[in-house]
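Here the structure is laid out as structure tokens; the discussion comes afterwards.
The values are calculated or read from the model by the stated rules, or taken from the named source; none is laboratory data. Note that the structure is predicted; figures quoted are calculated from it, not measured. FYI the Cβ positions are ideal-geometry reconstructions off the backbone, even for glycines, and counts take in every protein chain you see.
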Amino acid sequence: MLDDRCLPSVYEEIVHRAMKSNHPLDVIWELTHRCNLRCRHCYITDFDRPELDTETCRGILEQLAEAGVLWLTVTGGEPFMRSDLFDLLGYARDLKFAVTLFTNGTLIDSAAAERLSDLKLSGVEVSIYGASPAVNDPFTGVDGSFRRSISAVEHLLRFGVPVTLKTCIVRSNFNDYSNIEALAAELGVRLRSTSYLAPRNDGDTTRIDACRLTDEQVADALRDDGAAGIVPDLVGEGLVPDRLDRVIPCGAGHVSCGITPDGSVLPCLQFVNGGEDLSRRDFLSIWNESELFERVREVRLSDVEPCNRCPGLKYCFRCPGIALIEDGDLLGPSRESCRITRILMGILGDEAQIPPPRDTN
Amino acid sequence: MQTYRCNDEIAYRVIDEEAVLLNPVDNRIHLLNEVATFVWKLLAEPQSIDDIVSAVCREFDVDPERARSDIDELRVQMLEKGLIETVGGGGVDAR
């Protein structure tokens, strides 16, 4: 009667069922674009983007619960910039969401940590960008941010809050990654890392190009087992499905979606534009009837050109949203994914040529 | 008589008549079949095993003895996994 097989398979079964009926399971909600840090890689262009008031947010939470959404990730900007954050987190828990909070931690003191503990969140993910102030703080642009983030982690752990340390591996902290791993181990927390950076919401890649790992760093990470988790999360599983027309490139719009600070619903926050506003229609209507969601749901890997015939397909991890914002085409390649794949193929001695990225400028 | 109710901290949704439960203590996910989901919904209010057995027999075409045995097994599993809790007195809750 009660099926609780090991976590991945039960979760996969739930996602599989939800995919069949396009049931919304998972929402990531940017409550605000305000932030007290100015990280170099940040995708936010408008830190003063209009945001919804408390009552409107509570109403949206009710709509999400009614629609059957279970997993809710609250993020920003920095969510603690909102004075009503605890009100909204508390209401989300009252509505029986499984809530995860993304934060830089710098605004979490002991009292806040205790309040978070009482809410019984599924987790709090605290972002850092180095294992010391010397590496972290120049990246965040705020002196003292590292100490405050780590202090937050310590407060949260003292109150029994499940904490994950999170980092983006970038050019400036690549050589510090082993220290970040050691720091996470010392604190007794899981580390989640990626080197996959999102362009700014206006498509500008100037800043992230300066942050992205160099080809040499990518190659070093791919060769070095100890660097697992930096780049390998960007590569495919080494399999090419037989029927690309049956492969859905991404769960966005099928079981998950994002909400912007001003109430626009998108298949994924990477889509940035084209969402429908919750002031005009309720969440379930948008989820079921939005043209953008319908278009995204129709896409199969066989539609993505020239990726569908690329010899590097089996190595490639491609985010459709990033392909859209950075390269202008939801159904085209992501130049960053092509770069990583080319490097990996070189290391593996696979001499097949992948098509060059299209110039969309 | 011992009564039970849902652990208020459990996150859950009912999807296609089956409940998906997530315990934030350990982040384990539990999938309930249709009958267990019916029981879960009952446990929004305190219920005794007798209450639950009666309700299940009314709702589903099941033999009362078989229902009691299955529900008791479900009770034990859900207590062990922290999904439900005992309410008030009623004696030691022994397996």
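Side notes on the structure shown:
- Cβ separations smaller than 6 Å between residues 6+ apart or across chains give the following pairs from region A:45-70 residues that are touching a residue at least 40 places away in the same chain (Cβ under 8 Å) and more than 13 Å from A:G263 (Cα to Cα) to residues that are part of a loop (DSSP other than H, G, I, E, B) and of a type in the set (D, E, K, R): A:T45/A:R200; A:T45/A:D202.
- Of all residues in region A:118-131, those that are part of a loop (DSSP other than H, G, I, E, B), among the aliphatic types (A, V, I, L, M) and within 11 Å of another protein chain (Cβ to nearest Cβ) total 1.
- Residue in region B:36-56 that is over 13 Å from the mean Cα position of the chain (by Cα), free of Cβ contacts under 8 Å to residues at least 12 places away in the same chain and assigned to a helix (DSSP H, G or I) present: yes
One line per residue, one yes/no per condition, for (1) surrounded by fewer than 18 Cβ atoms within 10 Å (Cβ to Cβ); (2) under 22 Å from A:D53 (Cα atoms):
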position: A:L89; (1), (2): no, yes
position: A:A92; (1), (2): no, yes
position: A:L121; (1), (2): no, no
position: A:S127; (1), (2): no, no
position: A:S151; (1), (2): yes, no
position: A:L156; (1), (2): no, no
position: A:G160; (1), (2): yes, no
position: A:I169; (1), (2): no, no
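- Any chance A:V15 is surrounded by 14 or more Cβ atoms within 10 Å (Cβ to Cβ), within 14 Å of chain B (Cβ to nearest Cβ) and modelled with pLDDT of 95 or more: no
- Among the candidates A:F283, A:F271, A:F317, residue that is of a type outside the set (D, E) and under 15 Å from A:A67 (Cβ atoms): A:F283
- Residue count for region B:11-28, restricted to those that are modelled with pLDDT of 95 or more, at the interface with chain A (Cβ under 7 Å from one of its Cβ atoms) and touching a helix residue (DSSP H, G or I) at 6+ places or on another chain (Cβ under 7 Å): 1
Here is a yes/no grid of residues against (1) out of contact with any Lys or Arg (no Cβ under 9 Å at 6 or more places or on another chain); (2) in a loop (DSSP other than H, G, I, E, B):
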site: A:W287; (1), (2): yes, no
site: A:L292; (1), (2): yes, no
site: A:K314; (1), (2): yes, no
site: A:R318; (1), (2): yes, yes
site: A:G321; (1), (2): yes, no
site: A:I325; (1), (2): no, no
site: A:C338; (1), (2): no, no
site: A:D350; (1), (2): yes, yes
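- Count of region A:67-81 residues, restricted to those that are more than 10 Å from every other protein chain (Cβ to nearest Cβ) and either in a helix (DSSP H, G or I) or under 12 Å from A:L278 (Cβ atoms) (or both), is 3.
- Consider region A:98-117 and keep the residues that are in a helix (DSSP H, G or I) and of a type in the set (A, V, I, L, M). The one that is farthest from the other protein chains (Cβ to nearest Cβ) is A:A111.
- Exactly one residue among A:R200, A:R158 is in contact (Cβ under 8 Å) with a residue 40 or more places away in the chain and within 28 Å of A:N273 (Cα to Cα), and that residue is A:R200.
- Search result, residues across region A:170-207 that are among the hydrophobic types (A, V, I, L, M, F, W, C) and either under 17 Å from A:D137 (Cβ atoms) or in a helix (DSSP H, G or I) (or both): A:V170, A:F174, A:I180, A:A182, A:L183, A:A184, A:A185, A:L187
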